[in-house]
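Here the structure comes first, spelled out in C-alpha cells, and everything after it is commentary.
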Amino acid sequence: MITKYTLTLLTLFCMSNIAAQTLNQAKQWFNEGKFAEAKPVFQRLVKQAPSNANYNFWYGACCFETGELAESQPYLEKSADRKVINAYLYLGKLYYMQYRFDDAVENLEEHISWLEKKERDTEEAEKVLSKCRMAARMIRNTERIIVADSFVVDKASFLQAYKLSKSAGEISITENGGTCYTNEWGDKMLYTQTSADGKNHLYSRMKLIDKWSDPQPLKGITLNEHNQICPFLNTDGITLYYATDGEENLGGYDIFITRYDSEDDTYLRPNNIGMPFNSPANDYMYAIDETNHLGWFASDRYQPEGKVCIYVFIPNDSKQVYDFENTDEQIVINAATLKSIQSTWDNTNKVQLAKQQIQKIINEKPVKTQKYDFQFIINDKNVYHALSDFHSDEARQLFNQFRQKEKDIESLEAMLIELRETYQQATSEAKSQMVPSILEKEKRVKEIHNEINKLTEQIRNTEINALK
C-alpha cells in the first residue's frame, strides 16, 4: 500500500511538473510574439480551468493576434471582468476593429488607470487611446453617401478599374510603381516619388514650352516623416486628395483632403476625410469625376492578400452626415464600415441612375473584374465568395438564411423609401393613415438587422470551429 501511495504521488508530481513546463513554455512563446505556437497550449489550459482569468486572457490574446477576432472576444471579456490589466488593452483594440469606439475608449482608460496605479509605462496605451478617441469622434461625422457599386480587382493593376472622363484628368502608374495624376490640359502633373529619406512624397511638375519643369515638393504637406501616395487634383485646381500613413489615421493609409492657398503658395493643413472612406485597413486613390457625377476610391478592407475593392459612389454637393445621437448605432456602423453597400441605398432612383452611368462607362472601357456570388468575411484570413467555400454544412445552411434575410430587408427598405416619398406628397389625412404602416416596417427592419447580426456571428463561429 505504501508503494502504491508513493507511486501515485510520484505520478501526480510528474504530471504537475510537465504542466508547469508546458505553461512556462507557452508564456515564453507569448512574450516572444509566437502566438500561433502558444495558442493551442492556452486553449487546452482554459478548457481544463474555464474560470482561470489568466488562461482566458492568454488564449483570447493569442486568438486576437492570429486573426480570430470573434473567437477572442468572450475570453478577453471574461478576463477583463476579473481585472486582468492587459485584457483591457486587447479589448480596446478588438472593439476598435468592431467600430465600437466608445467601448474601446472605456477599456483603454481602464487599462491606463491600472498601469498608473502600478507605476508602469503608459505610452503605448496612450497612443492606442488617442486613436480610439479620434475614431469615436469620426464615426459621429460619418458622411451619408450612396455607394452605387463595388468590385474586386487585382491590387497590382487596380488603376485599370478607374474609368474617368477626360475632364477629370488621367491617373497612371509611374516607373517606380507609384501613381501620377495629370490634369485635363496635360500641363500639370502630381506624382509619388521616393525621397532621400526613403519615404514616398508628393511632387509636382509643370509643362514648359518643350519640356517638363524640375520636380517640386508640394509645400505644406510633402516634407514630413510620413508616406504620401495617390494624389488627385479636383477640377477646381485647388482641392487635392491623397493618402498618407500618418498618425491621424484610422488604419494603414487614410485619405486626406487639402486645398491650395495661392497667396502663400502652399497647401493648407490636410484633414482626414473620415468615414466611410477611411477604415482600419488601407484606403487610397480617391477621385471625383464631376462630368459623370461619380466618385471612386480603393480599399483593401475585407480583402485577401493581393486584392482590392473599388467603391463607386455618388458625391454630395455638400457634406451630409448621419444624426449619430438620434440614429440606431448599428445603422451608422453599417454605413461607416461599408460591409453592405446596399445599406447606403436610401434613394433608389439615384442608385439606378448611377448604376446605368457606371455600366455605360464600363461598356465603353471594359474592365476585368473578379465576379463573385457574394462576399462574406469569416475572419481576417478567410473571405468566402461561394457556397462551396464553406467547410461546415451547418454554417452553409445558416448562410442561406442570412441571404434570405438580406433580401427581405432590401425589399422592406425599398418599400419604406417609396412610402416616405409618397408620405411627403400626401394630405394630412392620408399621412395619418400611412404612419402605422411606416412605423411597423421600420420596426421590422430593425428586427431583421438584429437577426442578421446574430446570424453573422453564428455563421462565423460555426465555420471557425470547422476550420480548426
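The values are calculated or read from the model by the stated rules, or taken from the named source; none is laboratory data. Keep in mind it's a predicted model, so treat the numbers as computed, not measured. Heads up, the Cβs are rebuilt from the backbone with ideal geometry, glycines too, and the neighbour counts pull from every protein chain shown. We work out accessible area using only protein heavy atoms, side chains counted, and drop any ligands, DNA or RNA first. Shrake-Rupley method; radii C 1.70, N 1.55, O 1.52, S 1.80 Å.
Here is the tail figure for region 371-452: Cα pairs spaced more than 22 Å apart come to 45 percent of all pairs.
Candidate values (i) 19.0; (ii) 25.0; (iii) 31.8 were compared with mean projected area of the Cα convex hull in nm² computed on the shown model; the agreeing label is (iii). Summary value for the chain: 12 percent relative contact order, contacts being C-alpha pairs under 8 angstrom separated by 6+ residues. Cα to Cα, under 17 Å, and not fewer than 8 places away if on the same chain: which aspartates and glutamates meet these conditions relative to K127? Those aspartates and glutamates meeting the cut-off are D102, D103, E106, E109, E110, E116, D245, E247, E248. For I238, the solvent-accessible surface computed with a 1.4 Å probe is close to 70 Å², ligands and nucleic acids excluded. Among 401-412, 129-140, 51-62, sorting by the average number of other beta carbon atoms lying within 10 angstrom of each residue, highest first, gives 51-62, 129-140, 401-412.
Computed packing ranks the peptides 187-197, 244-254 as 244-254, 187-197, most packed first, by mean other Cβ atoms within 10 Å.
Overall dimensions of region 78-206, expressed as equivalent-ellipsoid semi-axes from the Cα gyration tensor (√(5λ), whole Å, largest first), are 43, 20, 13. Remark on region 290-445: Rg and Dmax equal 18.7, 57 Å (Cα only). Taking the Cα centre of the chain as origin and assigning +1 to Lys and Arg Cβ atoms and -1 to Asp and Glu Cβ atoms, the resulting dipole is close to 1320 debye.
Separation of the alpha carbons by more than 20 angstrom is noted, of K83/K118; K350/K441; K166/K350, for K350/K441; K166/K350. Among the listed pairs K163/K454; K131/K319; K131/K163; K27/K78, a Cα-Cα separation exceeding 27 Å is found for K163/K454; K131/K163.
From its DSSP helices (H runs of at least four residues, each -39,500 (n - 2.57)), the chain gives a residue-normalised ellipticity at 222 nm of -16000 deg cm²/dmol. Given a 1.4 Å probe and the protein chains as shown, D149 ends up with an accessible area of around 40 Å². Taking every protein chain into account, the accessible area of the chain amounts to 54 square angstrom per residue (probe 1.4 Å).
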